[in-house]
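Inspection log for the structure reproduced underneath, given as structure tokens.
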There are 2 protein chains.
Amino acid sequence: MHNASTASTTEAATVPETTSSVDSYFADHPTPPFLDNYKDRIQDLLDFHASSPRPIVLITSGGTTVPLETQTVRFIDNFSAGTRGATSAEHFIAQGYVVIFLHRRFSLLPYSRHYSHSTHCFLDFMRPSEDGKNIQVVDEYRPEMLQVLTRYREAQSKRRLLLLDFVTVSEYLHCLRASALLLAPLGPRVMYYLAAAVSDFFIPTKEMAQHKIQSGDGSLSLTMTQVPKFLSILVHSWATSSYIVSFKLETDPKMLLPKAQQALARYGHQVVVANLLHTRKERVVLISPVASTEYTSNPQYSSHTIDLAPGTEEIEEPLVEELVHRHEDWQSTSSS
Amino acid sequence: MHNASTASTTEAATVPETTSSVDSYFADHPTPPFLDNYKDRIQDLLDFHASSPRPIVLITSGGTTVPLETQTVRFIDNFSAGTRGATSAEHFIAQGYVVIFLHRRFSLLPYSRHYSHSTHCFLDFMRPSEDGKNIQVVDEYRPEMLQVLTRYREAQSKRRLLLLDFVTVSEYLHCLRASALLLAPLGPRVMYYLAAAVSDFFIPTKEMAQHKIQSGDGSLSLTMTQVPKFLSILVHSWATSSYIVSFKLETDPKMLLPKAQQALARYGHQVVVANLLHTRKERVVLISPVASTEYTSNPQYSSHTIDLAPGTEEIEEPLVEELVHRHEDWQSTSSS
């Protein structure tokens with residue numbers, strides 16, 4: 001019932017993205033040279049955990065870029081430091097998951113995020129020892145850093161975290177496809193947590209300037225083409241039996257729920273986490289199709305709001321907990 | 001003779017950017033709320049060093065962004081991790097300078113750059129002590145980290161480094177103007193080392209979408225306006241008696257020297273550091289007007305190539321040394 005691939009045969013689902021637009025996108029954007037290495041590392045991780053029933057989450061995090069020139073000096077970027085993804089990764093690991101963390105290069109990483117991208121430089125946390133021969137962590141920071149370091153090393157030694165990075169939207173899409181195809185045999189055990197801010201538009205290679213665009217002409221006009229809706233392909237082809245959570249970030253409150261419902265109607269996946277740019281750290285709303293109406297011509301949607309509780313720090317903690325419960329329920333339904 | 005403000009009265013210099021285009025740019029882009037705080041911190045630094053003859057360098061570093069929406073989700077960015085600026089800052093401090101480091105938020109910083117933006121997360125350098133109560137730096141990294149930490153703490157305690165950050169091109173320009181006006185009384189003692197990758201185009205506020213641009217229409221057209229040439233205003237109005245070094249990054253080797261010479265002819269400043277995107281860590285070329293021809297109708301340019309010497313790590317070391325010598329010569333000429 002939850003298998004989204006069946007949705008494409010019903011009335012409510014829209015036609016998935018045509019395979020041809022996706023094929024032509026990949027034909028226009030060659031495979032990144034590091035992809036084979038990534039595939040080996042993913043397969044190696046899956047082999048390592050093959051005998052455990054541990055759930056796996058592919059988290060995407062950070063923004064993707066769209067180069068404006070072949071030899072890139074300028075690019076269009078999407079706002080995202082990667083906070084949502086990096087924070088969530090720690091909570092998924094705490095909940096027993098194996099995390100594949102597909103992130104924008106130099107965006108926030110799980111664990112080290114506590115000490116990077118802050119107004120403090122990490123060297124501010126350290127001082128030379130009195131004899132000048134050693135380095136110590138400043139007393140007031142030590143207890144927390146020790147905790148973070150211990151959790152980080154445990155995640156590493158138990159191989160619960162695989163870090164893979166991308167920069168451009170086409171690198172991201174190649175990585176997503178390759179990961180999904182390797183994860184497909186694990187079906188319902190896999191969750192996709194698509195927190196990356198993915199570009200909607202790109203400049204086709206043949207229309208791109210080879211060298212740095214010169215600024216002599218006084219103004220610059222760019223015409224960009226829409227990136228194929230890969231979420232549709234993920235749901236309907238690459239990951240048909242996995243649990244898929246996408247994110248919808250808007251700035252206009254009026255647009256948020258309609259856009260989230262539209263995404264579910266269009267792609268037929270399990271959850272949209274809707275959030276507003278300016279309150280995204282205090283409130284998220286989980287929108288899902290109501291199971292009984294899921295494939296009717298008039299589907300209804302459930303809405304579950306999570307607010308940051310007083311005294312807690314990270315809304316990702318209750319968000320991940322809720323999704324883990326839903327993923328468990330869904331796995332038992334899928335396997336029954 | 002080196003005072004660039006005289007150049008505007010001679011034949012070779014182009015007309016500086018009209019004040020009106022700059023005024024209208026600033027009118028369209030309001031003062032960032034943090035600017036007063038930055039001004040206080042700069043003034044405080046200058047007061048602290050008022051009694052010393054120490055030279056001061058304003059380094060700009062990292063890329064600037066151009067928002068595509070008022071409530072920004074998407075923006076155009078310029079490729080720059082901030083390596084040139086962050087590395088150079090350390091060498092300027094080693095040469096006795098006070099450094100004001102005006103950088104893109106989350107770009108590389110002096111000293112901490114050795115441990116950030118790498119494939120290693122900084123936690124990989126640390127481990128819990130055997131009793132689990134403390135944190136130690138892994139043996140193999142300790143000697144270098146101790147050295148970096150010591151130099152960092154010395155720069156801090158002697159107040160030789162002020163970190164100020166920006167994100168958008170308009171924040172950058174407001175900061176540059178405010179800094180220049182505070183530094184102006186120090187005249188020749190000040191060097192500008194303009195390594196930031198500054199956007200050439202922007203979208204005027206009134207043409208900007210208020211909310212996130214929706215992707216439903218299939219394609220996106222952007223028309224952008226050229227950012228006024230602030231280097232001209234810096235040279236001719238804000239910092240008329242300081243030593244100004246700009247950078248020219250190109251991808252096409254044929255364009256590089258002509259563009260560098262064009263910049264000198266146009267703005268009348270002291271040095272352009274020309275570099276190619278793909279060899280920028282191995283070679284830089286310093287282009288300067290030949291003094292005797294500087295203000296003739298047919299100026300000539302000297303070219304000084306610096307290659308990374310075998311066995312050395314950072315081309316910024318000889319680059320900064322060369323500029324420090326030139327700045328010294330220039331200060332003695334200016335004061336004579």
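The values are calculated or read from the model by the stated rules, or taken from the named source; none is laboratory data. Keep in mind it's a predicted model, so treat the numbers as computed, not measured. Virtual Cβ from ideal backbone geometry, glycine too; neighbours counted across all protein chains shown. The area values use the complete protein model at the heavy-atom level, side chains included, leaving out ligands, DNA and RNA. Shrake-Rupley method; radii C 1.70, N 1.55, O 1.52, S 1.80 Å.
Taking every Cα-Cα distance in segment A:71-230 and sorting them into 5 Å bins from zero, the calculated P(r) comes out as 1, 7, 13, 15, 15, 13, 10, 9, 7, 5, 3, 1, 0 percent. In the calculated pair distance distribution of segment B:75-120, what percentage of Cα-Cα distances lie above 13 Å? Summing the P(r) of segment B:75-120 above 13 Å gives 57 percent of all pairs.
Distances between copies of B:Gly187, taken at a point 7 Å out from Cα along the Cα→Cβ vector and listed shortest first: 8.2 nm.
Scanning chain A for long hydrophobic helices, with DSSP H runs required to stretch 15 angstrom or more by C-alpha along their axis and to average at least 0.5 on the Kyte-Doolittle scale, returns A:169-183. The calculated 222 nm mean residue ellipticity attributable to helices in the protein assembly as shown amounts to -10000 deg cm²/dmol, summing -39500 (n - 2.57) over DSSP H runs of n ≥ 4 and dividing by all residues.
Mean projection of the Cα convex hull over all viewing directions, computed for the protein assembly as shown: 32.0 nm².
Once all protein chains are placed together, B:Arg142 keeps about 60 Å² accessible to a 1.4 angstrom probe. Dimensions of segment B:4-335 from C-alpha coordinates, computed as largest minus smallest value along each principal axis and given longest first, are 73, 60, 43 Å.
Shown for segment B:4-335: the carbon plus sulfur share of the solvent-accessible area, taken with all protein chains present and a 1.4 angstrom probe, equals 50%.
A loss of 20 Å² or more of accessible area (1.4 Å probe, protein heavy atoms, ligands and nucleic acids excluded) relative to the isolated chain is seen in these residues of segment B:63-79: B:Gln71, B:Thr72, B:Val73, B:Arg74, B:Phe75, B:Ile76, B:Asp77, B:Asn78, B:Phe79. Summary for A:His325: label point 7 Å along Cα→Cβ; distances to the equivalent points in the other copies, ascending, 7.1 nm.
Ordered shortest first, which distances in nm separate the 7 Å Cα→C-beta label point of A:Arg54 from those of the other copies? Ordered by increasing distance: 5.1 nm. Across chain A, C-alpha contacts under 8 Å between residues 6 or more apart give a mean separation that, scaled by the residue count, equals a relative contact order of 24 percent.
Largest GNM mean-square fluctuation among B:Asp139, B:Asp165, B:Asp36, using chain B with Cα springs under 10 Å: B:Asp139.
For segment A:58-148, the calculated P(r), taken from all Cα-Cα distances in 5 Å bins from zero up to the bin holding the longest distance, is 3, 12, 16, 16, 15, 14, 10, 7, 5, 2, 0 percent.
Given segment A:216-290, report the % of alpha carbon pairs whose separation exceeds 20 Å. Here the tail beyond 20 Å accounts for 44 percent of pairs. Beyond 20 Å in Cα-Cα separation lie the following of the pairs A:Lys259/B:Lys206; A:Lys248/A:Lys281; A:Lys229/A:Lys259; B:Lys229/B:Lys259: A:Lys259/B:Lys206. Between the alpha-carbon centres of segment B:227-257 and segment A:61-135 there is a gap of 33 Å. Ordered by 1.4 Å accessible area with all protein chains kept, B:His114, A:His29 run largest first as B:His114, A:His29. With solvent modelled as a 1.4 Å probe, how much accessible area in total do chains A and B shield from it at their shared surface, in Å² to the nearest 100? Result for this pair: about 6000 Å² buried.
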